[in-house]
Amino acid sequence: MSNCLICANTYEPFMSFGQMPIANAFLSPEQFPSEYFFELQVGFCPTCAMVQLVTQPDREMIFHENYAFFSSTSARMEAHFMEFADLVIKGYIQSADPFVIEIGSNDGIMLQHFANSGIRHLGIEPSANVAQVAIDKGIQTITRFFDEQLAREIVEEYGQADAFLGANVMCHIPYLHSVAAGVKILLKPDGVMIFEDPYLGDIIEKTSYDQIYDEHAFYFSVASVSYLFEQHDLEVVDVQPQNVHGGSMRYVIAHQGAHPVSSAMVAQHVKEDTLGLRSAETFDGLRKNIEHSRDALINLLRNLKQNGKRVVGYAATSKSTTVINYCGITPDMVEYISDTTPIKQGKFSPGMHIPVRSYETFKANYPDYALLFGWNHAEEIMAKEQPFRSAGGKWVVYVPKLQILE
Ligand code: JHZ
Ligand code: SAH
């Protein structure tokens, strides 16, 4: 039995992935002996509907000055955050001298659009190396973790905000009550919080279990997010599904009663009941689907190895750490992983220690098969990798189900 981080009631984990390393802790051989592992377990709280990790490593072990994920590694995501900023500028900040805050602002992929438009802005980004990239672009950034205490300090120094933004960060923060309390203090009376994260409904529909790793403390639904904010006299007034990171949901939050609630909100609640997002049986089904997905992938990789095929991984994503370690994918099955991020290249993948090599290595000598760890960027990647296919290369994709694309 564990205690829910949102409503404090007890719940049972529905699945353990076994011992897992930190998803973004790419390492060198001298670090192998001291590599950190923890039991990755996930549970569903029947009281407030929140899906969550049972334990999460300390935040300083995950987010620090050598954080390996830089947001601006995908052209599709660059375009997505330009559209997000544009929506906020045109639709949500009407005051004379608006002030916009973003938590988890990373290398400035979204805030750069506010900075370039001369809008008062502030990024909150605890991982110093990625924050520095934003600072170098002229984006005002504080290198700290956001919580209620920091919210008080910001109000004192800068005043309240018109918009408080976050993408792929809220689900990373176990102390969400402190964040919500901070938002309550920080938002102007008619201000909005807008954030997006991978959506639980998509994870269940696609069996995209690789979204489950140390960084993701929560797997949100409209039901669980509504429950959280109601505790702080805030409410979800709109939801907008997003076609990124394998299916995300954008939530618009406001002070209770300050904005009308959209019909999309009402419709999504109904849809979630149909999807069974409040029912424990759904998660038993998810566990079974995850086990089938693992068996199918590992059998295929064993088979390819027996037939002497060369397989390499494409994109050393955080998600790949769960797939590789849960399925037991070893360096003799996957020769190396190609990745465009300099800080990951020359290192080894967490847990199974598959080498990470530059994208140029992939282009110089195509393998027989590329295992698409960046399946959420499939459209962007397939478009630029036509030459690989023309040369006879095949893709192995495992979400939503195992497929070989010739
Ligand atoms: P991508 C991270 O997840 C971590 P990850 C985090 N927890 C989260 O929620 C999301 O981001 C937002 C490489 N790549 O975006 C670059 C190529 O090599 O799926 C990166 O190393 N070639 C915050 O890590 C990695 O993929 C390419 O053509 O699962 C990024 O993977 C492309 C497009 C990417 O995020
Ligand atoms: N918004 C970007 C970055 C997501 S990565 C995008 O969608 O691509 C998540 C980021 O949140 C990391 O850079 C991490 O350092 C940051 N983060 C983690 N905990 C945080 C907290 N409590 N407050 C603010 N940022 C946090």
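Read the figures in this text as sums done on the coordinates, not as results from a lab. Since this is a predicted model, take the numbers as computed values, not measurements. Heads up, the Cβs are rebuilt from the backbone with ideal geometry, glycines too, and the neighbour counts pull from every protein chain shown.
For the subset of the stretch 87-115 comprising residues that are closer than 21 Å to THR143 by Cα and more than 16 Å from ligand 1 (Cβ to nearest atom), which member is surrounded by the fewest Cβ atoms within 10 Å (Cβ to Cβ)?
As a first pass, look at the stretch 87-115 and keep what is closer than 21 Å to THR143 by Cα: 99-115.
From what's left, more than 16 Å from ligand 1 (Cβ to nearest atom): 99-101, 112-115.
Numbers: PHE99: 22, VAL100: 26, ILE101: 30, GLN112: 22, HIS113: 21, PHE114: 27, ALA115: 19.
The extreme case among them is ALA115.
From the list VAL266, VAL270, VAL237, which one is over 21 Å from the mean Cα position of the chain (by Cα), part of a strand (DSSP E or B) and not acidic (Asp, Glu)?
VAL237
Output the residue which, of all residues in the stretch 67-79 that are in a helix (DSSP H, G or I) and buried (at least 20 other Cβ atoms within 10 Å of the Cβ), is farthest from ligand 2 (Cβ to nearest atom). Give the derivation first.
The initial filter retains those residues of the stretch 67-79 that are in a helix (DSSP H, G or I), namely 71-73, 75-79.
From what is left, the residues that are buried (at least 20 other Cβ atoms within 10 Å of the Cβ) are 71, 77.
Numbers: SER71: 3, MET77: 6 Å.
Filtering the stretch 67-79 for residues that are in a helix (DSSP H, G or I) and buried (at least 20 other Cβ atoms within 10 Å of the Cβ), the one farthest from ligand 2 (Cβ to nearest atom) comes out as MET77.
I'd like the full set of residues that are closer than 19 Å to LYS271 by Cβ, within 16 Å of ligand 1 (Cβ to nearest atom), polar (S, T, N, Q) and in contact (Cβ under 8 Å) with a residue 60 or more places away in the chain, limited to the stretch 208-247.
Once the filter is applied, which keeps residues that are closer than 19 Å to LYS271 by Cβ, within 16 Å of ligand 1 (Cβ to nearest atom), polar (S, T, N, Q) and in contact (Cβ under 8 Å) with a residue 60 or more places away in the chain, the stretch 208-247 yields SER208, GLN242.
Going through LEU122, LEU150, LEU165 one at a time, which residue ends up being closer than 25 Å to ILE89 by Cα, aliphatic (A, V, I, L, M), within 15 Å of ligand 1 (Cβ to nearest atom) and surrounded by 16 or more Cβ atoms within 10 Å (Cβ to Cβ)? Outline the logic, then answer.
On the way: LEU122 fails: within 15 Å of ligand 1 (Cβ to nearest atom); LEU150 fails: within 15 Å of ligand 1 (Cβ to nearest atom).
Of LEU122, LEU150, LEU165, the one residue that is closer than 25 Å to ILE89 by Cα, aliphatic (A, V, I, L, M), within 15 Å of ligand 1 (Cβ to nearest atom) and surrounded by 16 or more Cβ atoms within 10 Å (Cβ to Cβ) is LEU165.
Kindly indicate the residue of the stretch 322-341 that is farther than 19 Å from ILE381 by Cβ and among the polar types (S, T, N, Q) and also farthest from ligand 2 (Cβ to nearest atom) among those meeting that condition. First the steps, then the outcome.
Kept after step one, since they are farther than 19 Å from ILE381 by Cβ, are these residues of the stretch 322-341: 322, 325-333.
Subset that is among the polar types (S, T, N, Q): 322, 325, 330.
Values: THR322: 16, ASN325: 21, THR330: 29 Å.
Top of the filtered list is THR330.
Results for (1) over 21 Å from PHE164 (Cα atoms); (2) in contact (Cβ under 8 Å) with a residue 24 or more places away in the chain, shown as yes or no for each residue.
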{"site": "PRO33", "(1), (2)": "yes, no"}
{"site": "ILE62", "(1), (2)": "yes, yes"}
{"site": "ASN66", "(1), (2)": "yes, yes"}
{"site": "GLU78", "(1), (2)": "no, yes"}
{"site": "MET82", "(1), (2)": "no, yes"}
{"site": "GLY91", "(1), (2)": "no, no"}
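Only one residue in LYS394, LYS363 is surrounded by 12 or more Cβ atoms within 10 Å (Cβ to Cβ), within 20 Å of SER293 (Cβ to Cβ), without any contact (Cβ under 8 Å) to a residue 40 or more places away in the chain and of a type outside the set (A, V, I, L, M, F, W, C), so which one is that?
Details: LYS363 fails: within 20 Å of SER293 (Cβ to Cβ).
That would be LYS394, the only listed residue that is surrounded by 12 or more Cβ atoms within 10 Å (Cβ to Cβ), within 20 Å of SER293 (Cβ to Cβ), without any contact (Cβ under 8 Å) to a residue 40 or more places away in the chain and of a type outside the set (A, V, I, L, M, F, W, C).
Tell me yes or no: at least one residue of the stretch 50-61 is within 24 Å of SER221 (Cα to Cα), of a type outside the set (Gly, Ala, Ser) and within 10 Å of ligand 2 (Cβ to nearest atom).
Within the stretch 50-61, the first condition is being within 24 Å of SER221 (Cα to Cα), and the residues that meet it are 50-57, 59.
Pick out the ones that are also of a type outside the set (Gly, Ala, Ser) and you get 50-57, 59.
Subsequent filtering for residues that are within 10 Å of ligand 2 (Cβ to nearest atom) retains 59.
Yes, the stretch 50-61 contains at least one residue that is within 24 Å of SER221 (Cα to Cα), of a type outside the set (Gly, Ala, Ser) and within 10 Å of ligand 2 (Cβ to nearest atom).
When you go through GLY285, GLY246 one by one, which is the residue that is on the phi < 0 side of the Ramachandran plot and not hydrophobic (A, V, I, L, M, F, W, C)? Lay out the reasoning, then the answer.
Numbers: GLY246 fails: on the phi < 0 side of the Ramachandran plot.
Residue meeting the stated conditions: GLY285.
Looking only at the stretch 125-135, filter to residues that are among the β-branched types (Val, Ile, Thr) and either buried (at least 24 other Cβ atoms within 10 Å of the Cβ) or in contact (Cβ under 8 Å) with a residue 40 or more places away in the chain (or both); which one of those is nearest to ligand 1 (Cβ to nearest atom)?
The first filter runs over the stretch 125-135 and keeps only residues among the β-branched types (Val, Ile, Thr), leaving 130, 133, 135.
Adding the requirement that they be either buried (at least 24 other Cβ atoms within 10 Å of the Cβ) or in contact (Cβ under 8 Å) with a residue 40 or more places away in the chain (or both) leaves 130, 133.
Details: VAL130: 10, VAL133: 14 Å.
That would be VAL130.
Return a yes/no flag: does the stretch 136-144 have any residue that is under 18 Å from ALA68 (Cα atoms) and within 16 Å of ligand 1 (Cβ to nearest atom).
no
Please count how many residues of the stretch 276-288 are in a helix (DSSP H, G or I) and within 17 Å of CYS48 (Cβ to Cβ). First the steps, then the outcome.
Keep residues of the stretch 276-288 that are in a helix (DSSP H, G or I), which gives 280-288.
Still in the running and within 17 Å of CYS48 (Cβ to Cβ): 280, 282-283.
Total meeting the criteria: 3.
Looking only at the stretch 19-48, which residues are within 29 Å of ALA223 (Cβ to Cβ), in contact with a Phe, Trp or Tyr (Cβ under 7 Å, 6 or more places away or on another chain) and assigned to a strand (DSSP E or B)? First the steps, then the outcome.
We begin by selecting, within the stretch 19-48, every residue within 29 Å of ALA223 (Cβ to Cβ); these are 20, 23, 38-48.
From the residues that got through so far, the ones that are in contact with a Phe, Trp or Tyr (Cβ under 7 Å, 6 or more places away or on another chain) too are 20, 23, 40, 42-46, 48.
Result: MET20, LEU40, VAL42, GLY43, PHE44.
Condition first: hydrophobic (A, V, I, L, M, F, W, C) and either surrounded by fewer than 20 Cβ atoms within 10 Å (Cβ to Cβ) or assigned to a strand (DSSP E or B) (or both). Now tell me which residues in the stretch 195-216 satisfy that. Lay out the reasoning, then the answer.
First, the residues of the stretch 195-216 that are hydrophobic (A, V, I, L, M, F, W, C): 195, 200, 203-204, 212.
Matches in the stretch 195-216: PHE195 only.
Which residues, taken from the stretch 290-322, are within 17 Å of ASP368 (Cα to Cα), among the aliphatic types (A, V, I, L, M) and outside any helix (DSSP H, G or I)?
VAL311, VAL312, ALA315
So how many residues does the stretch 65-80 have that are away from ligand 1 (no atom under 11 Å from the Cβ) and closer than 15 Å to VAL133 by Cβ?
The qualifying residues number 2.
Of all residues in the stretch 223-239, which are closer than 20 Å to THR274 by Cβ and touching an Asp or Glu at 6+ places or on another chain (Cβ under 8 Å)?
ALA223, SER226, listed by residue number.
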